[in-house]
Amino acid sequence: MPIPHELRARLDAFARVQLSLTPTPCHALKSISEKYGAQVFCKRDDLTGLALGGNKCRKLEFLVAEALAKGCDTMVACGGIQSNFCRLAAAAASVAGMEIHLVLGGDRPQGAAGNLLLDQLLGASIHYVESTEWDTWEAEARALAERLESEGKRVFMMPVGGSVPIGILGYVDAFLEILEDQERLGVEFDLMVHASGSGGTQAGLVVGKELTGWPGEILGISVAMEKEALEEHIFSLASATAGLLGGKVVRDSVRVDDRFIGEAYAVPTPQGMRALEELATKEGVILDRVYTGKAMAGLLHLLDQGLLSGKRVLFIHTGGQPEIFS
Ligand SMILES: Cc1ncc(COP(=O)(O)O)c(C=O)c1O
């Protein structure tokens with residue numbers, strides 16, 4: 001499929017700070033392909049480079065550019081104690097010369113490990129909130145931003161997970177990169193599968209599909225929200241993002257499978273743990289327990305059921321591995 005230069009030009013019109021080492025590798029998963037009778041490939045967005053990498057680097061390139069354009073010198077972001085997004089927001093802000101404050105929710109840990117250890121290393125000021133409620137974290141983050149503003153700082157409030165249209169452009173860009181991977185590998189994927197949380201990654205891919213006319217399917221494996229609610233949310237994010245680029249998306253392009261969440265967000269599942277073991281032992285690819293393990297559990301289930309026999313499938317590895325050291 002030809003690379004659509006017009007869409008590339010429209011994307012390039014948005015300001016962006018280079019933070020990632022792209023293009024990320026895209027390679028065949030040979031043992032998995034052989035075992036399940038499909039051609040399975042992996043897009044390594046865990047290897048985006050910045051502070052151990054992950055999907056959020058791509059969104060942050062556009063969001064940090066927006067913050068700098070607004071003249072901000074300080075960033076406030078919030079998430080769970082092991083938030084990958086907060087780790088990468090801390091790295092992005094530090095590299096861009098901004099002060100970074102993280103509001104982290106959950107039980108205050110005894111020591112720092114995993115993402116939290118990296119947050120400290122990246123120079124973030126950390127503010128703990130003893131709550132598991134997102135609304136409380138956000139309210140706390142807004143109050144902190146107001147305090148910092150009153151001290152004369154110019155604060156950029158980072159949206160949750162970076163999942164707003166400007167950030168989502170990062171995954172429209174990733175979609176175009178995947179079209180280039182197709183050319184290089186001489187393959188046309190039938191299906192892309194990845195972990196879907198706040199929905200921004202999937203929204204960007206869906207916009208890429210719709211604006212290029214790519215005929216394959218995109219399937220998000222939900223790690224938190226129920227199918228209907230997440231699909232609606234992604235559709236609305238994708239519509240707003242397509243609007244920035246002068247296009248539209250259709251509801252049918254948004255497909256979510258919510259059968260692999262397990263007990264709750266961030267609680268490991270037996271299927272997810274088996275997926276971690278299978279990818280580690282067969283391919284030397286390390287997944288995480290919160291996002292990519294559950295997404296791979298979903299893909300392995302479809303492969304195991306014979307539903308993807310002979311198909312060309314791309315798994316997008318969105319990162320998250322620091323969590324396994326927590
Ligand atoms: C490792 C990893 N994978 C996937 C996701 C989900 O991405 P999104 O929130 O864009 O759906 C996240 C979000 O935090 C993540 O950290």
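Right, LYS282: part of a helix (DSSP H, G or I), under 15 Å from the mean Cα position of the chain (by Cα) and surrounded by 14 or more Cβ atoms within 10 Å (Cβ to Cβ) or not?
No, not satisfied.
Whether any residue in the stretch 45-57 is of a type in the set (Gly, Ala, Ser), free of Cβ contacts under 8 Å to residues at least 60 places away in the same chain and more than 14 Å from the ligand (Cβ to nearest atom) is what I want to check.
Yes, some residue in the stretch 45-57 is of a type in the set (Gly, Ala, Ser), free of Cβ contacts under 8 Å to residues at least 60 places away in the same chain and more than 14 Å from the ligand (Cβ to nearest atom).
Would you say GLU188 is at pLDDT 95 or above, assigned to a helix (DSSP H, G or I) and among the charged types (D, E, K, R)?
Here the answer is no, as GLU188 does not meet what is asked.
Could you check the stretch 294-326 and list, in sequence order, the residues that are within 10 Å of the ligand (Cβ to nearest atom) and within 25 Å of ASP190 (Cβ to Cβ)?
Hits for the stretch 294-326 are LYS294, ALA295, ILE316, HIS317, THR318, GLY319.
Any residue at all in the stretch 27-47 that is more than 28 Å from MET158 (Cβ to Cβ), within 20 Å of the chain's Cα centre (by Cα) and of a type outside the set (A, V, I, L, M, F, W, C)?
Yes: one or more hits.
Quickly run through the stretch 60-86 and pick out the residues that are in contact with a Gly (Cβ under 8 Å, 6 or more places away or on another chain), under 23 Å from LYS153 (Cβ atoms) and within 12 Å of the ligand (Cβ to nearest atom).
Residues satisfying the conditions are LEU60, GLY79, PHE85, CYS86.
Can you tell which of LEU185, LEU179, LEU169, LEU191 is under 14 Å from the mean Cα position of the chain (by Cα) and either over 14 Å from PHE62 (Cβ atoms) or within 16 Å of the ligand (Cβ to nearest atom) (or both)?
That would be LEU169, the only listed residue that is under 14 Å from the mean Cα position of the chain (by Cα) and either over 14 Å from PHE62 (Cβ atoms) or within 16 Å of the ligand (Cβ to nearest atom) (or both).
Tell me yes or no: at least one residue of the stretch 199-207 is more than 14 Å from the ligand (Cβ to nearest atom) and either polar (S, T, N, Q) or not assigned by TED's automatic domain parsing to the domain that holds ASN84 (or both).
no
Which one is nearest to the ligand (Cβ to nearest atom) among residues in the stretch 96-114 that are at negative phi and surrounded by fewer than 17 Cβ atoms within 10 Å (Cβ to Cβ)?
Ranking the qualifying residues of the stretch 96-114, first place goes to ALA113.
Looking at (1) surrounded by fewer than 17 Cβ atoms within 10 Å (Cβ to Cβ); (2) part of a loop (DSSP other than H, G, I, E, B); (3) touching a residue at least 60 places away in the same chain (Cβ under 8 Å), find the lone condition where THR24 falls short.
(1)
Checking the conditions here, which among PHE156, PHE175 is assigned to a strand (DSSP E or B) and either among the β-branched types (Val, Ile, Thr) or farther than 15 Å from ALA240 by Cβ (or both)?
PHE156
The values are calculated or read from the model by the stated rules, or taken from the named source; none is laboratory data. Bear in mind that the values here come from a model prediction, so they are computed numbers and not experimental data. Cβ atoms come from the backbone with ideal geometry, glycine included; neighbour counts cover every protein chain shown.
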